[in-house]
Amino acid sequence: MSSAVASKGLEGIVATSSAICWIDGDAGVLSYRGIDIHELAQHSTFEETTYLLWFGKLPNAEELAAFSAQLAAARTIHPKVIELLRSVPTDATPMQVLRTATSLLSLYDADEADSSHDANVRKSYRLTAQIAMIVALFDRIRKGKALVEADPTLSHAANFLWMLNGEKPSATATRALDIALILHADHELNASTFAARVIAATLADIHSAVTGAIGALKGPLHGGANEATMRLLYAIDKADADPVEYVKQMFAEKKKISGFGHRVYHTEDPRATHLRRMSEELGKAAGNTKWFDLSQKIEAFVKVEKKLNANVDFYSASTYTTLGIDIDLFTPIFAVSRISGWAAHVIEQHDDNRLIRPRAEYVGSPYPTAYTPIGQR
Ligand SMILES: CC(C)(COP(=O)(O)OP(=O)(O)OC[C@H]1O[C@@H](n2cnc3c(N)ncnc32)[C@H](O)[C@@H]1OP(=O)(O)O)[C@@H](O)C(=O)NCCC(=O)NCCS
């Protein structure tokens with residue numbers, strides 16, 4: 001009936017052209033604007049990487065200083081958004097709250113109705129600064145703690161930890177988070193970015209696109225996998241189980257192991273290389289490598305048994321736990337970073353837009369099927 005043949009999950013479909021991110025899944029290469037992720041993780045900062053994603057080139061010192069100042073100046077949040085954070089149930093998950101509060105931000109954004117290139121860039125600064133603030137502010141509110149004012153002298157990563165914990169973060173914790181933010185900043189047409197581009201392509205505004213992207217990120221097959229990984233580590237630890245036997249049993253029950261597998265990479269996910277190292281180094285520095293050791297045992301078994309590699313989420317779990325971050329903040333922290341990529345893609349989409357509207361392979365009742373009057377059914 002249908003001439004179209006579906007590729008389930010759009011596997012292998014090239015859905016747009018983009019100058020932002022390039023991945024070679026066979027060679028395990030990830031690059032932003034052509035620059036290898038390993039170089040960025042080693043030398044760059046979240047601010048510099050975000051500039052690169054938005055403006056297509058590395059900034060010089062003056063441009064980076066101006067960019068960082070503008071991002072820090074955007075760390076203000078409308079009192080109505082704080083009111084919302086105070087009014088939601090305290091057992092709401094941070095991802096639910098982030099999704100709702102991000103949508104609310106648009107009501108108080110002076111550029112809401114303007115999706116020109118310049119307005120999109122202005123809104124991107126605000127969204128990037130304010131998504132991080134929402135995550136930190138809600139965490140303090142739900143714990144009954146006093147809110148912490150943003151500090152414009154701190155970097156994006158350091159200010160987030162400061163507003164979350166109420167104490168100035170160590171250089172080690174700041175750099176670890178900064179690297180995690182660089183690694184998560186963009187990943188081509190991943191599910192949440194594709195969702196953002198589909199929404200933007202209707203000429204809806206960037207807040208709508210980012211709200212939809214946060215909804216997509218929440219799922220355990222995407223950003224939610226880092227939380228699911230840590231829940232698995234906790235479950236194995238609590239049961240005092242042998243990790244290999246535990247995972248073997250999960251395979252026997254046809255369950256997936258979060259933090260493994262990838263649609264695009266057929267080798268090591270290059271981001272996992274850094275997170276594995278960070279997990280080990282932070283664990284050693286803290287005198288507790290329990291989560292790293294457990295993760296390594298699972299990784300070795302899954303690799304041999306299923307030929308699956310760890311992805312970005314697997315070692316994020318032990319890294320964030322070692323940094324003292326609560327489990328349900330892992331996926332929100334993914335959003336704190338990925339907003340930079342979402343913004344770059346929405347800007348690119350609006351700059352050269354065409355509605356995204358694919359077709360479905362029809363597999364329903366044959367056409368024409370007669371309409372049966374209700375009395376005869
Ligand atoms: C990332 C992911 C969604 C990619 O999905 P995909 O490209 O659609 O691949 P599929 O889910 O079809 O998996 C292909 C095969 O590998 C298996 N597989 C993939 N990931 C697996 C995992 N994490 N654990 C166990 N088996 C897995 C599937 O069961 C399937 O096996 P089958 O062919 O025998 O049915 C998938 O690997 C997954 O669910 N991983 C766990 C969640 C996760 O970590 N997500 C974050 C990604 S960055």
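The values are calculated or read from the model by the stated rules, or taken from the named source; none is laboratory data. In this text, all values refer to a predicted model and were calculated from it rather than measured experimentally. Glycine also receives a Cβ, built like all others from the backbone with ideal geometry; neighbour counts cover every protein chain displayed. For accessibility, only protein heavy atoms count, side chains too; no ligands or nucleic acids. Shrake-Rupley method; radii C 1.70, N 1.55, O 1.52, S 1.80 Å.
Within region 238-268, can you find the residues that are within 17 Å of Phe330 (Cβ to Cβ) and either more than 7 Å from the ligand (Cβ to nearest atom) or of a type in the set (A, V, I, L, M, F, W, C) (or both)? Give the steps one after another, and end with the answer.
Residues of region 238-268 that are within 17 Å of Phe330 (Cβ to Cβ), as a first pass: 257-260.
Once the filter is applied, which keeps residues that are within 17 Å of Phe330 (Cβ to Cβ) and either more than 7 Å from the ligand (Cβ to nearest atom) or of a type in the set (A, V, I, L, M, F, W, C) (or both), region 238-268 yields Ile257, Phe260.
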- Query: In region 236-251, how many are open to solvent by less than 60 Å² (accessible area, probe 1.4 Å) and within 12 Å of Trp291 (Cα to Cα)?
  - Reply: 2
- Item | Filtered residues of region 214-271 (kept if over 24 Å from the mean Cα position of the chain (by Cα) and touching a residue at least 40 places away in the same chain (Cβ under 8 Å)) | Ile236, Asp237, Pro243, Val244, Val247, Lys248, Phe251
- Looking at this structure, is Lys284 under 25 Å from Asp178 (Cβ atoms), part of a helix (DSSP H, G or I) and open to solvent by 30 Å² or more (accessible area, probe 1.4 Å)? yes
- Residues that are open to solvent by 10 Å² or more (accessible area, probe 1.4 Å) and closer than 21 Å to Ser170 by Cα, drawn from region 307-324: Thr321, Thr322, Leu323, Gly324
- Query: So which helices (runs of 4 or more DSSP H) stay within region 167-227 end to end and still have 1 or more residues that are under 15 Å from Thr319 (Cα atoms) and within 13 Å of the ligand (Cβ to nearest atom)?
  - Reply: 171-184
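With respect to Ser17, determine if the residue is modelled with pLDDT under 95, in a loop (DSSP other than H, G, I, E, B), among the polar types (S, T, N, Q) and more than 29 Å from Arg175 (Cβ to Cβ).
Values: modelled with pLDDT under 95: no; in a loop (DSSP other than H, G, I, E, B): yes; among the polar types (S, T, N, Q): yes; more than 29 Å from Arg175 (Cβ to Cβ): yes.
Answer is no for this residue.
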- Task: Give the residue that is farthest from Ala344 (Cα to Cα), with candidates limited to residues of region 176-210 that are open to solvent by 30 Å² or more (accessible area, probe 1.4 Å) and of a type in the set (Val, Ile, Thr).
- Result: Thr202
- Please go through region 291-317 and pick out each residue that is in contact (Cβ under 8 Å) with a residue 12 or more places away in the chain, in a helix (DSSP H, G or I), more than 12 Å from Thr229 (Cα to Cα) and within 12 Å of the ligand (Cβ to nearest atom). Phe301, Val302, Glu305, Lys306
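Quick grid of which residues meet (1) in contact with a Leu (Cβ under 9 Å, 6 or more places away or on another chain); (2) within 30 Å of Ala176 (Cα to Cα); (3) open to solvent by 30 Å² or more (accessible area, probe 1.4 Å); (4) without any contact (Cβ under 8 Å) to a residue 24 or more places away in the chain:
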| residue | (1), (2), (3), (4) |
| --- | --- |
| Phe334 | yes, yes, no, no |
| Ile339 | yes, yes, no, no |
| Ala344 | yes, yes, no, no |
| Tyr362 | no, no, yes, no |
| Tyr367 | no, no, yes, no |
| Ile374 | no, no, yes, yes |
| Arg377 | no, no, yes, yes |
- Which condition breaks for Ile327 when tested against (1) touching a residue at least 12 places away in the same chain (Cβ under 8 Å); (2) open to solvent by 40 Å² or more (accessible area, probe 1.4 Å); (3) among the aliphatic types (A, V, I, L, M)? (2)
- Query: Taking region 118-160 on its own, how many of its residues are among the small types (Gly, Ala, Ser) and in a helix (DSSP H, G or I)?
  - Reply: 7
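If you scan region 1-25, which residues turn out to be charged (D, E, K, R) and surrounded by 10 or more Cβ atoms within 10 Å (Cβ to Cβ)?
Matches in region 1-25: Asp24 only.
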- Task: Being modelled with pLDDT of 95 or more and either under 20 Å from the mean Cα position of the chain (by Cα) or in the same structural domain as Asn309 (by TED's automatic domain parsing) (or both) narrows it down to one of Leu85, Leu52, so name that one.
- Result: Leu52
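Suppose the filter is over 20 Å from Ala191 (Cα atoms) and away from the ligand (no atom under 16 Å from the Cβ); does Ala69 pass it?
Numbers: over 20 Å from Ala191 (Cα atoms): yes; away from the ligand (no atom under 16 Å from the Cβ): yes.
The answer is yes for Ala69.
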- Could you pull out the residue among Lys57, Lys80 that is modelled with pLDDT of 95 or more and assigned to a loop (DSSP other than H, G, I, E, B)? Lys57
- Item | Single unsatisfied condition, Ser87 versus (1) surrounded by 14 or more Cβ atoms within 10 Å (Cβ to Cβ); (2) away from the ligand (no atom under 16 Å from the Cβ) | (1)
